[in-house]
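Inspection log for the structure reproduced underneath, given as structure tokens.
The values are calculated or read from the model by the stated rules, or taken from the named source; none is laboratory data. Not measured: the values here are computed from a predicted model. Neighbour counts are summed over all protein chains in view; Cβ atoms, including those assigned to glycine, are modelled from backbone coordinates with ideal geometry.
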């Protein structure tokens with residue numbers, strides 16, 4: 001189990017490694033460019049090679065990219081669908097360039113149309129992205145909290161997509177906050193066992209490649225995507241002790257996407273050393 005975090009690469013890819021080292025992160029997730037924009041950034045091969053070397057020297061691995069927040073493979077807007085596919089293709093190619101494992105992304109929202117109505121479009125889009133990208137990259141579905149008719153809050157939806165696409169390159173990232181908000185009780189031993197039994201039946205634990213480690217401002221089943229710092233939310237420290245003690249997660253990277261704690265009167269800036277240290281302490285305590 002490696003404890004990592006989403007880090008900023010503002011100022012250059014190498015800055016992500018520096019920020020990870022400052023907080024003690026052992027694995028990282030980054031954006032390929034601004035997450036709220038369709039515009040993607042091209043990196044010179046020299047910068048990509050320098051990033052690979054810096055990550056190796058710092059012993060920071062694995063590396064993941066997170067897809068653009070605008071991506072929606074369930075959209076009814078043809079232009080946005082094309083932009084969504086193109087953004088994922090760009091980021092997947094960047095993964096190959098910099099030695100990252102793959103792109104973790106939100107599938108999108110059907111906006112009330114229903115999962116069945118958008119299912120074929122999602123499957124065709126994923127097949128297209130996989131066909132246009134290098135074989136050494138993964139496309140990684142992230143479970144959702146269910147907010148705004150988002151796809152993937154139920155493991156059965158992830159299963160249906162994976163079963164139809166049929167690709168060894170299609171993987172899953174489990175977000176603890178999203179699962180909790182969607183009604184999966186991951187904070188107790190009994191609830192987590194039931195959750196992972198369902199995950200194994202529907203998706204298969206062999207396809208799980210990362211965990212987004214986030215506490216929840218939203219109560220169980222509240223259906224809202226609201227992350228909280230480790231130990232400060234409804235999952236709590238005890239909940240993360242349960243999660244990190246489970247053998248299903250033993251060899252997976254835990255990636256923080258939490259708001260962070262304020263420092264010296266400054267606003268929180270996302271995952272920080274305090275949250276990394278909290279997860280490391282829990283991991284050490286559960287063996």
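With respect to residue 118, determine if the residue is in a helix (DSSP H, G or I), touching a residue at least 12 places away in the same chain (Cβ under 8 Å) and buried (at least 20 other Cβ atoms within 10 Å of the Cβ).
Criteria met by residue 118.
Scan region 273-282 and give yes if some residue there is in a loop (DSSP other than H, G, I, E, B) and in contact with a strand residue (DSSP E or B) (Cβ under 9 Å, 6 or more places away or on another chain), otherwise no.
Step one: of region 273-282, the residues in a loop (DSSP other than H, G, I, E, B) are none.
The answer is no; no qualifying residue exists.
Do you know which residues across region 44-75 are assigned to a loop (DSSP other than H, G, I, E, B), crowded, with 18+ Cβ neighbours inside 10 Å and in contact with a helix residue (DSSP H, G or I) (Cβ under 7 Å, 6 or more places away or on another chain)?
Listed by number, the residues that qualify are 60, 67, 68, 71, 72, 73, 74, 75.
Could you grab me the full set of residues in region 76-100 that are touching a strand residue (DSSP E or B) at 6+ places or on another chain (Cβ under 9 Å), in a helix (DSSP H, G or I) and farther than 23 Å from residue 143 by Cβ?
Once the filter is applied, which keeps residues that are touching a strand residue (DSSP E or B) at 6+ places or on another chain (Cβ under 9 Å), in a helix (DSSP H, G or I) and farther than 23 Å from residue 143 by Cβ, region 76-100 yields 94, 98.
In region 245-266, what residues are at pLDDT 95 or above, in a loop (DSSP other than H, G, I, E, B) and within 28 Å of residue 69 (Cα to Cα)?
If the condition is that a residue be at pLDDT 95 or above, in a loop (DSSP other than H, G, I, E, B) and within 28 Å of residue 69 (Cα to Cα), then 251, 252, 257, 258, 259, 260, 261 are the ones that fit.
Does region 127-134 contain at least one residue that is within 21 Å of residue 11 (Cα to Cα) and either out of contact with any strand residue (DSSP E or B) (no Cβ under 8 Å at 6 or more places or on another chain) or surrounded by 15 or more Cβ atoms within 10 Å (Cβ to Cβ) (or both)? Outline the logic, then answer.
Quick first cut of region 127-134, residues within 21 Å of residue 11 (Cα to Cα) only: none.
No, the conditions are met nowhere in region 127-134.
Could you list, in sequence order, the residues of region 122-135 that are in a helix (DSSP H, G or I), farther than 13 Å from residue 160 by Cβ and in contact with a helix residue (DSSP H, G or I) (Cβ under 7 Å, 6 or more places away or on another chain)?
So in region 122-135, the residues in a helix (DSSP H, G or I) come out as 122-131.
With the extra rule that they be farther than 13 Å from residue 160 by Cβ, the set shrinks to 124-125, 127-131.
Passing the criteria: 125, 127, 128, 129.
Spot the failing condition for residue 42; the list is (1) modelled with pLDDT under 95; (2) farther than 18 Å from residue 134 by Cβ, and only one is missed.
Single failed check for residue 42: (2).
Output the residues belonging to region 11-38 that are touching a strand residue (DSSP E or B) at 6+ places or on another chain (Cβ under 9 Å) and not in a loop (DSSP other than H, G, I, E, B).
Across region 11-38, the qualifying residues are 13, 16, 17, 19, 20, 23, 28, 29, 30, 31.
Would you call residue 269 modelled with pLDDT under 95, under 20 Å from the mean Cα position of the chain (by Cα) and more than 13 Å from residue 25 (Cβ to Cβ)?
yes
Of everything in region 76-99, what is more than 16 Å from residue 43 (Cβ to Cβ), buried (at least 22 other Cβ atoms within 10 Å of the Cβ) and over 16 Å from the mean Cα position of the chain (by Cα)? Give them in sequence order.
Across region 76-99, the qualifying residue is only 84.
Going through region 1-34 one residue at a time, which ones are within 20 Å of the chain's Cα centre (by Cα) and exposed (fewer than 13 other Cβ atoms within 10 Å of the Cβ)?
Hit for region 1-34 is 10, nothing else.
Only one of 234, 227 is buried (at least 17 other Cβ atoms within 10 Å of the Cβ), at pLDDT 95 or above and within 14 Å of the chain's Cα centre (by Cα). Can you tell me which?
Values: 234 fails: within 14 Å of the chain's Cα centre (by Cα).
None of the others qualify; the one that does is 227.
Tell me, which residue of region 101-115 that is in contact (Cβ under 8 Å) with a residue 40 or more places away in the chain and not in a strand (DSSP E or B) is surrounded by the fewest Cβ atoms within 10 Å (Cβ to Cβ)?
Step by step, filter region 101-115, then rank; the result is 115.
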